[in-house]
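Read through the structure below, which is laid out as structure tokens, and then see the notes.
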Amino acid sequence: MNQIFLMGLIANRGLRKKYLAFFEEHHITVVLSTMAAGTASNTILDALGLEAAEKTVYFALLTRDTWKSLKKELYEKMNIAVPGRGIAFLIPLSSIGGRKTLQYLTAGQTMEIEEESTLQNTDYELLVTIANGGHIETIMDAARSANAPGGTVIHAKGTGAEHAKRFLGISLAEEKEMIFIVVKTSQKQAIMKSIMERAGVGSPAGGIVFSLPVTSTAGLRFPETND
């Protein structure tokens, strides 16, 4: 399989329209974006001749081949090397909840679809659920029923709703919730299954879920299980 990554990209908020057009040019149809703020001190900003700027954080799933062409143009077209223009990073996917979800999240990108497989072997994983706004409790109730710990929510806006009908057979709202839950790898499948069954694409939540490898943790507390 053409390896899949979660790309994170942080840029000045004023460049949002330009970046969304840039992603579309590269056939990245499903993009989640949320507002953020930079933390650079006044001393650093003065030294670089910059003003404090609000940020937008973008998330999208990319194949390795898509990243190769995108990275080149981030430098040549978006001038990402210029201070204040942004940064981008990749995190490899560990697993994804269903072939149709993979097809939807990578719509427009060239790749071979194979059976779901574990791409990374770690003791913990970060589950990411993307769902329609207003369904946080439904998703967390589903996750907790499989002994998941608490989660963290980010409110975001999504693109690619027009592809949802084609790949998932449903309509998705622009307003999204991104729910992040760190789980034990041994519990991942049960938690993902519960979310997909109770808050998945066939439900009003319209949730889709995937996981990212976590190489080290500190301070985690998990509910008692019967394992």
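The values are calculated or read from the model by the stated rules, or taken from the named source; none is laboratory data. All figures in this text were calculated on a predicted structure; none of them were measured in a lab. Don't worry about glycine lacking a Cβ; one is built from the backbone with ideal geometry, like all the others, and counts go over all protein chains shown. To get the accessible areas, we keep the full protein, side chains included, count just its heavy atoms, and leave off ligands, DNA and RNA. Shrake-Rupley method; radii C 1.70, N 1.55, O 1.52, S 1.80 Å.
Since Phe5 meets every condition but one in (1) in a strand (DSSP E or B); (2) modelled with pLDDT under 85, which condition does it not meet?
Every condition holds for Phe5 apart from (2).
Please enumerate the residues belonging to segment 59-95 that are among the aromatic types (Phe, Trp, Tyr) and surrounded by fewer than 13 Cβ atoms within 10 Å (Cβ to Cβ).
Scanning segment 59-95 gives Tyr75, Phe89.
Quick one: in segment 142-154, of everything that is open to solvent by 50 Å² or more (accessible area, probe 1.4 Å) and of a type outside the set (Val, Ile, Thr), which residue is nearest to Phe59 (Cα to Cα)?
Gly150
Can you go through Glu162, Glu125 and tell me which one is touching a Ser or Thr at 6+ places or on another chain (Cβ under 9 Å), of a type outside the set (Gly, Ala, Ser) and open to solvent by 50 Å² or more (accessible area, probe 1.4 Å)?
Glu162
Starting from segment 198-221, take each residue that is touching a residue at least 60 places away in the same chain (Cβ under 8 Å) and list its partners that are in a loop (DSSP other than H, G, I, E, B) and of a type in the set (Ser, Thr, Tyr), counting only C-beta distances under 7 angstrom and pairs at least six apart or across chains.
Note: pairs meeting the criteria are Ser211/Ser94; Leu212/Ser94; Pro213/Ser94; Pro213/Thr122; Val214/Thr122; Thr215/Thr122.
Within segment 120-136, can one find any residue that is charged (D, E, K, R) and assigned to a loop (DSSP other than H, G, I, E, B)?
Scanning segment 120-136, I find at least one residue that is charged (D, E, K, R) and assigned to a loop (DSSP other than H, G, I, E, B), so the answer is yes.
Within segment 67-107, can you find the residues that are in a loop (DSSP other than H, G, I, E, B), closer than 30 Å to Ala143 by Cα and hydrophobic (A, V, I, L, M, F, W, C)?
Leu93, Ala107
Within segment 211-225, identify whether any single residue is part of a helix (DSSP H, G or I) and open to solvent by 80 Å² or more (accessible area, probe 1.4 Å), and answer yes or no.
Checking segment 211-225: not a single residue is part of a helix (DSSP H, G or I) and open to solvent by 80 Å² or more (accessible area, probe 1.4 Å).
Counting only residues that are under 16 Å from Arg99 (Cβ atoms) and in a loop (DSSP other than H, G, I, E, B), which one in segment 180-206 is least open to solvent (accessible area, probe 1.4 Å)?
Step by step, filter segment 180-206, then rank; the result is Gly200.
Which of the following residues is open to solvent by 50 Å² or more (accessible area, probe 1.4 Å), in contact with an Asp or Glu (Cβ under 7 Å, 6 or more places away or on another chain) and closer than 21 Å to Ile28 by Cβ: Lys100, Lys157?
Within the list Lys100, Lys157, the selection yields Lys157.
Can you say whether Glu137 is farther than 22 Å from Thr56 by Cα and surrounded by 14 or more Cβ atoms within 10 Å (Cβ to Cβ), as far as the supplied structure shows?
no
Tell me which residues, restricted to segment 21-65, are at pLDDT below 95 and in a helix (DSSP H, G or I).
Listed by number, the residues that qualify are Glu24, Glu25, Asn42, Thr43, Ile44, Leu45, Asp46, Ala47, Leu48, Arg64, Asp65.
Condition test on Ile130, is it open to solvent by 30 Å² or more (accessible area, probe 1.4 Å), in contact (Cβ under 8 Å) with a residue 40 or more places away in the chain and within 19 Å of Leu62 (Cα to Cα)?
no
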